[in-house]
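The next block holds one structure in the form of structure tokens; read it before the comments.
The values are calculated or read from the model by the stated rules, or taken from the named source; none is laboratory data. Please read these numbers as outputs of a predicted model, since none were measured by experiment. Here Cβ is always computed from backbone atoms with ideal geometry, including for glycine, and neighbour counts include all displayed protein chains.
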Ligand code: F6P
């Protein structure tokens, strides 16, 4: 019906435009016709009276001439007439002949007529607006035997032309209006008739009434789709902030409260046995865990991860499960056990010596070994099996996380063809030329295309992925949907920039900013007016930690006033330390910090403090809150949540973020001081600028960044993916049912 109205509206607009155009054409054509008609009438009148006029042309017969002219005006259209001699002298005129036309006005035309020859006489016609109304004036030559003797001027009424034009236009408008009404009525009636038929049928179906047998196979799905569309509309219009409650609601509305199964290498809670024999629970330093853990707490379900803690086996039940978070028990953590060879080949080898350097432009050469690949395949299968064992429907929602599990989506799809699988790649995706380095590039792409959605942090990563698929696989790309179509199945490729829970839960019990600063100053034995910088990372060569320390050195070189006052604290969590590149980095960072400390240190003052240890989130937040500046200097980073955490920690709206342009976060936190970490001069200057920035400017920048992270928080990140997944799921279900129905209908026809 809506379409019919839109059609009618378009029709009316179209007809109005046509009418407008037609009226202009009609007006111009009618005028030309009338003018021709009037000219002809004048010529006929003068030609008809020619002999009489010639006979009375001598000045002595002026009265007779005038009588003849009056005879000419007997024609109701000819209002007045006059006769002029060759010198433009007036010979005779009827009483109505307008004063305005006497003498000078007509002179040039009368002279031109007189100068023409009898063989090629000239004449003049014009439309004039005179006080008595619009008239048509013709000056026609009166030719004798051999020469033009003078001119006869006839004045004809031209007002009737306007009246005729108006009539014609009115007729035209009526005709078009009638046409428009008739066409609209026919359209609306036709639309009503067919819509009523469809809507009655649909209404009957949705109310659960008896439907035609051919509709029955797809009824459930149509009903579900209709309900979902209206629920989606309601959810969208609800608006407001994304919170755990809203995410949960979204899951219930769009996915019927189905639980989520996450497959990720890193577990959110690691049980470690301390030296004193007690067990502690650790939160690993991982952007993935920081982002996903709050989502799981909101949604519930199962997180499947490698059980890597020294006390992990002791803390699970017989099925390798433990409820977490400790004390809250909102969801299950299912641990998968890996032996030393598996861990070396799959985690350290293929994932972190192969894929990690392949995907990051950080100048560390990727290493691909067949043995590592074999373990990678085996462990992917192990996790895929665990995921299939954890689900309780044949169309579950499985979130496969990161580069450790590129093969898992396809393996899960083979077992659960109806599953909704979202694969999220937390690190950058390289361009196709670089990706070609990997000997198993095709297998990785095929594995990921088992997912319903493949998500990245940025559009650039999506583009690189699509480019790689196009280069190495036989597929079709659907640019409108941002999807890759392979063997009749689509995989959406979309950017979903990851974020944090808002507000951060670590703030709930955090000491005030003032207390945090005081305790850090005390702990590091700093002066009360010390300027504090902070960096928080895993000890990883992609994080640009060396470049960061060099920038601190440069700031001290350029600004002697900072010496003795500025201390940069680097919290560096040991990471992947059996890999040589990581061990070497660790050594280099320690050496560099020592060198800079020797150069600028004095007495108790050391410009750089490196803490190579795992720090639990409350400790990290204490440093964020104590700092004047936080420097994130990644050489290449998918998103980097440290930048967002610093912003989240600063409820006081103070502190400056200096951020590498090579992070996904730099696209969102544009109020940070964005730098090229390789450009040590630039970064050093930015650090100095941050340390001297006015509080007003700090506040303006921090306020804007906090508003952004609050709005685009991790609940929104997860919500958008789940809503997209649910839409896809409804579409697939309906498409599947329709295909089955069409196939069986075709069979029956045969
Ligand atoms: O968030 C980025 C990320 O690289 C994840 O992909 C990874 O899980 C995490 O940081 C930490 O790495 P790991 O789990 O190897 O300690």
All helices (runs of 4 or more DSSP H) inside segment 341-419 with 2 or more residues being away from the ligand (no atom under 16 Å from the Cβ), closer than 19 Å to residue 320 by Cβ and over 37 Å from the mean Cα position of the chain (by Cα): 370-390
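Rundown of residues vs (1) under 22 Å from residue 133 (Cα atoms); (2) without any contact (Cβ under 8 Å) to a residue 24 or more places away in the chain; (3) outside the structural domain of residue 146 (by TED's automatic domain parsing); (4) surrounded by 15 or more Cβ atoms within 10 Å (Cβ to Cβ), yes/no style:
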| position | (1), (2), (3), (4) |
| --- | --- |
| 54 | no, no, no, no |
| 63 | no, no, no, no |
| 69 | yes, no, no, yes |
| 78 | yes, no, no, yes |
| 86 | no, no, no, yes |
| 108 | no, yes, no, no |
| 112 | no, yes, no, yes |
| 118 | no, no, no, no |
Every residue from segment 454-482 that is in contact with a helix residue (DSSP H, G or I) (Cβ under 8 Å, 6 or more places away or on another chain), more than 14 Å from residue 407 (Cα to Cα) and in a strand (DSSP E or B): 455, 456, 477
Options 262, 304; residue that is within 15 Å of the ligand (Cβ to nearest atom), within 16 Å of residue 721 (Cβ to Cβ) and part of a strand (DSSP E or B): 262
Test: residue in segment 491-509 that is outside the structural domain of residue 680 (by TED's automatic domain parsing), farther than 29 Å from residue 247 by Cβ and surrounded by fewer than 16 Cβ atoms within 10 Å (Cβ to Cβ): no
Odd one out for residue 557 among (1) in contact with a helix residue (DSSP H, G or I) (Cβ under 7 Å, 6 or more places away or on another chain); (2) away from the ligand (no atom under 16 Å from the Cβ): (1)
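So that you can scan it fast, the table gives a plain yes or no per residue for (1) touching a strand residue (DSSP E or B) at 6+ places or on another chain (Cβ under 6 Å); (2) over 25 Å from residue 431 (Cβ atoms):
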{"position": "293", "(1), (2)": "no, yes"}
{"position": "303", "(1), (2)": "yes, yes"}
{"position": "316", "(1), (2)": "yes, yes"}
{"position": "329", "(1), (2)": "yes, yes"}
{"position": "354", "(1), (2)": "no, no"}
{"position": "369", "(1), (2)": "no, no"}
{"position": "376", "(1), (2)": "no, no"}
{"position": "380", "(1), (2)": "no, no"}
{"position": "392", "(1), (2)": "no, yes"}
Selection status of residue 314, more than 16 Å from the ligand (Cβ to nearest atom), under 24 Å from residue 575 (Cβ atoms) and either more than 34 Å from the chain's Cα centre (by Cα) or not in a loop (DSSP other than H, G, I, E, B) (or both): no
Residue in segment 273-290 that is in contact (Cβ under 8 Å) with a residue 24 or more places away in the chain, surrounded by 23 or more Cβ atoms within 10 Å (Cβ to Cβ), outside any loop (DSSP other than H, G, I, E, B) and more than 12 Å from the ligand (Cβ to nearest atom) present: no
Segment 575-595 - residue that is under 26 Å from residue 522 (Cβ atoms) and surrounded by fewer than 20 Cβ atoms within 10 Å (Cβ to Cβ) and, of those, farthest from the ligand (Cβ to nearest atom): 594
Conditions (1) outside the structural domain of residue 648 (by TED's automatic domain parsing); (2) at negative phi; number of the one not met by residue 566: (1)
Matching option when the condition is at negative phi, within 16 Å of the ligand (Cβ to nearest atom) and touching a residue at least 12 places away in the same chain (Cβ under 8 Å), among 448, 473: 448
Residue 734 vs. criteria outside the structural domain of residue 455 (by TED's automatic domain parsing), modelled with pLDDT under 95, over 30 Å from residue 565 (Cα atoms) and crowded, with 19+ Cβ neighbours inside 10 Å: no
